[in-house]
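I have placed the structure first, in the form of structure tokens, so that the comments after it can refer back to it.
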Amino acid sequence: MTCVYMHMASPVGRLKLVARGEKLAAILWENDRPNRVPLGDMREDPRHPALLAVQRQLDEYFAGERDHFELDLDFAGTAFQQQVWQALLSIPYGQTRTYRDIAVQIGKPDAVRAVGAANGRNPISIIAPCHRVIGSSGKLTGFAGGLERKARLLELESTQQGLSLDRTRTARPLAA
């Protein structure tokens, strides 16, 4: 099935929204590695209803008016990747988890590196919040959109949830 796409401006740069049928298949960064998310043939359709719904919800998220998404998602990946991506969807707005936390959550505590690799292949950035996954030291680590964007997304969410980012790009709770 051919995918359709549109671009949108956002506070973290230009995003490419991709739908397969009526479901969101990908959100890609302007500097995304080619083939990080294999999608096949695509055609532009800036009026596609599913993509317009994604754009509206992302605009609300960036405006601080939305802390969860109500979209139909079409993850294409291995069974393991899908487990990881489903675990990402369970991370609450404004909170973080480590790669180890995700590995334990999916019942594969020794698969921390594989969780990191699957996280890096997450096709639906922001919606499946891979930006909320940090290193066990608390430092920000790999992100397809770049660490500056990861920090910006966490900062955006922290304004509502009592989290702060220090200059070493470490997510930490604010003192009470």
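The values are calculated or read from the model by the stated rules, or taken from the named source; none is laboratory data. On a predicted model such as this, the values are computed, not experimentally measured, just so you know. Ideal geometry is used to build each Cβ from the backbone, glycine not excepted, and the neighbour counts take in all protein chains shown. Quick note on the areas: whole protein, heavy atoms, side chains included, nothing else; ligands and nucleic acids left out. Shrake-Rupley method; radii C 1.70, N 1.55, O 1.52, S 1.80 Å.
Go through the stretch 52-102 and name the GluC sites (Glu not before Pro) that are in a DSSP coil and have 13 or fewer other Cβ atoms within 10 Å of their Cβ.
Answer in residue order: 65, 70.
Going 7 Å from the Cα of residue 45 toward and past its Cβ, which residues in the stretch 1-23 have a backbone nitrogen under 19 Å from where you end up? Under 19 Å, as judged by backbone N against the label point of residue 45, lie 1-8, 16-23 of the stretch 1-23. With helices as the sole contributors, the chain gives -9500 deg cm²/dmol at 222 nm; each DSSP H run of n ≥ 4 counts as -39500 (n - 2.57), and the sum is divided by every residue. Neighbours of residue 33, meaning other residues whose beta-carbon lies under 15 angstrom from its beta-carbon, give a summed charge of +2 when Lys and Arg score +1 and Asp and Glu score -1.
The trypsin sites (Lys or Arg not before Pro) of the stretch 44-89 that meet both conditions, a loop assignment by DSSP and at most 10 other Cβ atoms within 10 Å of the site Cβ, are 47.
In the chain, the portion of solvent-accessible area held by carbon and sulfur atoms comes to 48 percent [1.4 Å probe, whole percent, DNA, RNA and ligands not counted].
Amide H contacts of residue 98 (H built 1.01 Å from N, in plane; Pro and chain starts excluded): 134 sit under 5 Å, all sequence-distant by 5 or more or on other chains. Probe of 1.4 angstrom, ligands and nucleic acids ignored: what's the accessible area per residue over the chain, in square angstrom? I get 51 Å² per residue for this part. For every other residue with a beta carbon closer than 12 angstrom to the beta carbon of residue 23, add +1 if it is Lys or Arg and -1 if Asp or Glu, then tell me the sum. In short, -2. Straightening the chain between residue 2 and residue 30 buys 8.0 nm, computed as 0.36 nm per residue apart minus the Cα-Cα spacing.
Of all DSSP beta bridges confined to the chain, the antiparallel ones make up roughly 70%. Size descriptor for the stretch 45-115, Kirkwood hydrodynamic radius: 14.1 Å (Cα pairs only, one decimal). The coefficient of translational diffusion for the chain, derived via Stokes-Einstein from the alpha carbon Kirkwood radius under 20 °C and 1.002 mPa s, stands at 130 µm²/s. What the phi angles of the stretch 118-135 give under the Karplus curve with 6.51, -1.76 and 1.60, with θ = phi - 60°, is a coupling list of 5, 4, x, 9, 3, x, 10, 3, 6, 5, 8, x, 5, 5, 8, 9, 10, x Hz, glycine and proline written as x. In the chain, how many lysine pairs have Cα atoms under 25 Å apart, counting only pairs 8 or more places apart or on different chains? Count of close lysine pairs: 4.
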